[in-house]
Amino acid sequence: MPLATGRPDLPTVLIVTLLAGPVLAGLMGTILPAFGYLPVLGYRSFSLEPFEALLRAPGLTTSVTLSFGTGLIASILSLAIVLIFTAGWSGTRTFQRLTRFLSPLLSVPHAAAAIGLAFLIAPSGFLVRLVSPWATGFDRPPDVLILNDPMGFTMTLGLVAKEVPFLFLMTLAALNRPHIRDYYKAGASLGYGRMSTFFKLVLPQVYPLIRLPMLAVIAYATSVVDVAQILGPTTPAPLAPRLVAWMNDPDLTKRLMASAGALLQLFVSAFALLVYLVLERLVSSWQAARFASGHRRRKDGFARLAGLLPMVLIVVLMTASIALLGIWTVAKSWWFPATLPQRWGVERMLDAFGMGGPALFATLAIAALAAGIATALTLWLLEARSYRKLPARSRINTIVFLPLLMPQISFLFGLQMLFLIAGLSGTFEAVLLAHLIFVFPYAYLALSDPWHRLDPRYAKAATSIGASRMRIFWKIQLPLMLRPGLVTFAVAAAVSVGQYLPTLMIGAGRIVTVTTESVALASGGNRQVAALYALLQLVIPLAGFILAALVPSLAFRNRAAMRLER
């Protein structure tokens, strides 16, 4: 706890309580039932029976292997794609063009991306329709298991397609540091190729900044539920979806087994993080040996092309998936092998839109409140720490990212039980709090860098003429932070919209959002309704990003220095 002025830092105390409190309480609420202690169900003594029941579950080893393998491989593949592309193309026009495509893809929720991808690559999907029947001879969908394949290849692809934009934007933020261009110039003057300069001079500077987001990606990917339910194997499913099924089982004894499984999931994600850290150490040692060799590797044309193709493929896949969601919402009839719908109409879309009104309203209300609170708390925390001249990188960063470094399912089980005991389960306030736990870290991630790049001389000049701390914040710092603040609000809203598991478990079926509805509909046969709900997930983030672009332009229309440089 920072005590730079001898007094407790109130924003830090509040943030630590908000983030670490529910996580630790939820963990405790998971650990106790895992060892057989759950008084509300009559279990008042500790035992290992839940773990014994868990080990007897059929296919448990396969489920664990799937969660570990798909999550870790997808995370490492995503990082490799981002780094190789950045190394080969940073600073070029191609890099700038792809950046324009990748940035909006960050706002696409995981469930919406998975549904769109399923429409694209399924045996009855758009890609097969494009070449049928003239090239394949198929007049009906081929009997090929692409979705829900037992090895989890499609699920891995879905995770890679969604995590690459996130890691790419984290890398962009890291590259936006002072003196990074100087490293490129130094590499060029020493005769190094573009990629060699990046890996030998630039990456050691920026990797510490993207390391924490990478660990968060691994923790998420090894415990993902919504993507696994749409694209993942089913016989058996990865561990996390099975835990949700056990928790919702009418047989209440399954809750004890599910709690034991949640601890197993925590171990799986922790082991994946450990394996990654070991790999990181090995790669670092290998790189150090290569640095000493002095090879310049000026000819890197093939490697650059190899780095460009996966990134282009991901942009095309995601763009086509989102476009298919739009087409399916207005497709009245679209039978295989027709490439486009035979009949178009908006009647069913309007009916579904009317039925989905309450879910859309709940999504909008939770997202707006969670994003607004998270953005305001982040600004308060950053201003207070800057005022006290506390270091930008400290223990608070680890606490802020704590909810992202742990599998959601490992402490949401316990949090659900605590809310149930407190009589808050299924309430709007409980769901909002659960969203806030996961939204705040992203708001902090998005806003902390722009805040620390704020020129401190503005505040010093205002202080020298007698302006109070409050006046400096409202009249100088806040207007300067309006644009990044609104972008942070939009990012936070997008994160809230994509929260599937917190809404499902804490909402207890009484609070539904378009995300929980779209995942439930994805397994049904009505593609039009599923596409509509998936598309609705994009509406709120899109509206947020449009507002983030329009409001500063209107607010600063008469202040040339505040406009973006063209």
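The values are calculated or read from the model by the stated rules, or taken from the named source; none is laboratory data. Here the structure is a predicted model, which is why all the values come from computation and not from measurement. Every residue, glycine among them, receives a Cβ derived from its backbone with ideal geometry; neighbour counts consider all protein chains shown. Note: accessible area is taken over every heavy atom of the protein model, side chains too, but ligands, DNA and RNA are not part of it. Shrake-Rupley method; radii C 1.70, N 1.55, O 1.52, S 1.80 Å.
Could you list all residues from the stretch 242-255 that are in a helix (DSSP H, G or I) and either buried (at least 24 other Cβ atoms within 10 Å of the Cβ) or within 26 Å of the chain's Cα centre (by Cα) (or both)?
Going residue by residue through the stretch 242-255, those that are in a helix (DSSP H, G or I) are 242-247, 253-255.
Hits for the stretch 242-255 are R242, L243, V244, A245, W246, M247.
Do you know which of the residues in the stretch 12-36 that are β-branched (V, I, T) and either touching a residue at least 40 places away in the same chain (Cβ under 8 Å) or under 11 Å from L418 (Cβ atoms) (or both) is most open to solvent (accessible area, probe 1.4 Å)?
By that ranking, first place goes to I31.
Working carefully through the options L239, L266, find the one that is closer than 13 Å to S67 by Cβ, open to solvent by 40 Å² or more (accessible area, probe 1.4 Å) and within 21 Å of the chain's Cα centre (by Cα).
Working: L239 fails: open to solvent by 40 Å² or more (accessible area, probe 1.4 Å).
Exactly one of L239, L266 is closer than 13 Å to S67 by Cβ, open to solvent by 40 Å² or more (accessible area, probe 1.4 Å) and within 21 Å of the chain's Cα centre (by Cα), namely L266.
Looking at the stretch 468-515, what helices (runs of 4 or more DSSP H) fall wholly within it and have at least 3 residues that are in contact with a Pro (Cβ under 7 Å, 6 or more places away or on another chain) and more than 17 Å from T427 (Cβ to Cβ)?
Counting at least 3 such residues, we get 482-497.
Could you list, in sequence order, the residues of the stretch 356-366 that are in a helix (DSSP H, G or I), surrounded by 13 or more Cβ atoms within 10 Å (Cβ to Cβ) and at pLDDT below 85?
Once the filter is applied, which keeps residues that are in a helix (DSSP H, G or I), surrounded by 13 or more Cβ atoms within 10 Å (Cβ to Cβ) and at pLDDT below 85, the stretch 356-366 yields nothing.
Can you find a residue in the stretch 130-139 that is of a type outside the set (S, T, Y), open to solvent by less than 40 Å² (accessible area, probe 1.4 Å) and in contact (Cβ under 8 Å) with a residue 60 or more places away in the chain?
no
Need pairs with beta-carbon distance below 6 Å; first residue within 14 Å of A292 (Cα to Cα) and open to solvent by 30 Å² or more (accessible area, probe 1.4 Å) and within the stretch 189-206, second modelled with pLDDT under 85 and assigned to a loop (DSSP other than H, G, I, E, B); sequence gap 6+ or separate chains.
Y192/R296
May I ask you to list the residues in the stretch 37-53 that are among the aliphatic types (A, V, I, L, M), assigned to a helix (DSSP H, G or I) and open to solvent by 80 Å² or more (accessible area, probe 1.4 Å)?
Correct list: V40 only.
Can you tell me which residue among I115, I121 is surrounded by 14 or more Cβ atoms within 10 Å (Cβ to Cβ), within 19 Å of V495 (Cα to Cα) and within 24 Å of the chain's Cα centre (by Cα)?
Among I115, I121, only I115 is surrounded by 14 or more Cβ atoms within 10 Å (Cβ to Cβ), within 19 Å of V495 (Cα to Cα) and within 24 Å of the chain's Cα centre (by Cα).
Counting just the residues of the stretch 335-355 that are in contact (Cβ under 8 Å) with a residue 12 or more places away in the chain and part of a loop (DSSP other than H, G, I, E, B), which one comes out most open to solvent (accessible area, probe 1.4 Å)?
Start the filter on the stretch 335-355 by keeping residues that are in contact (Cβ under 8 Å) with a residue 12 or more places away in the chain, which leaves 336-341, 343-349, 352-353.
Filter again for part of a loop (DSSP other than H, G, I, E, B), leaving 336-341, 345-346.
Numbers: F336: 36, P337: 34, A338: 26, T339: 53, L340: 93, P341: 12, G345: 13, V346: 67 Å².
Per the criteria, the residue is L340.
From the list A258, A303, which residue is surrounded by 19 or more Cβ atoms within 10 Å (Cβ to Cβ) and in contact (Cβ under 8 Å) with a residue 60 or more places away in the chain?
Step by step, each of A258, A303 is checked, and only A258 is surrounded by 19 or more Cβ atoms within 10 Å (Cβ to Cβ) and in contact (Cβ under 8 Å) with a residue 60 or more places away in the chain.
Checking the structure you have, find out if any residue of the stretch 3-10 is of a type outside the set (G, A, S), farther than 30 Å from G193 by Cβ, surrounded by 17 or more Cβ atoms within 10 Å (Cβ to Cβ) and at pLDDT below 85. Please lay out each step first, then the result.
Restricting attention to the stretch 3-10, the residues satisfying the condition of being of a type outside the set (G, A, S) are 3, 5, 7-10.
Narrowing further to those that are farther than 30 Å from G193 by Cβ: 3, 5, 7-10.
Next, only the ones that are surrounded by 17 or more Cβ atoms within 10 Å (Cβ to Cβ) stay: 9.
Next, only the ones that are at pLDDT below 85 stay: 9.
Yes, the conditions are met somewhere in the stretch 3-10.
Which of the residues spanning the stretch 421-446 are among the aliphatic types (A, V, I, L, M) and in contact with a helix residue (DSSP H, G or I) (Cβ under 6 Å, 6 or more places away or on another chain)?
L424, A430, V431, L432, A434, L436, I437, V439, A443, A446
Which one is nearest to A492 (Cα to Cα) among residues in the stretch 375-394 that are charged (D, E, K, R) and modelled with pLDDT of 85 or more?
Among those that are charged (D, E, K, R) and modelled with pLDDT of 85 or more, it is E383.
Every residue in the stretch 54-68 that is of a type in the set (G, A, S) and open to solvent by 20 Å² or more (accessible area, probe 1.4 Å), please. It would help to see each step written out before you state the result.
Within the stretch 54-68, the first condition is being of a type in the set (G, A, S), and the residues that meet it are 57, 59, 63, 67.
Residue satisfying the conditions is G59 alone.
If you scan the stretch 71-102, which residues turn out to be open to solvent by less than 10 Å² (accessible area, probe 1.4 Å) and in contact with a Pro (Cβ under 8 Å, 6 or more places away or on another chain)?
The answer is F85, L102.
Which ones in the stretch 142-155 are open to solvent by less than 60 Å² (accessible area, probe 1.4 Å), part of a loop (DSSP other than H, G, I, E, B) and of a type outside the set (G, A, S)? Full working, then the answer.
Looking only at the stretch 142-155, we keep the residues that are open to solvent by less than 60 Å² (accessible area, probe 1.4 Å), and these are 142, 146-149, 152, 154-155.
Subsequent filtering for residues that are part of a loop (DSSP other than H, G, I, E, B) retains 142, 146-149, 152.
P142, I146, L147, N148, D149, listed by residue number.
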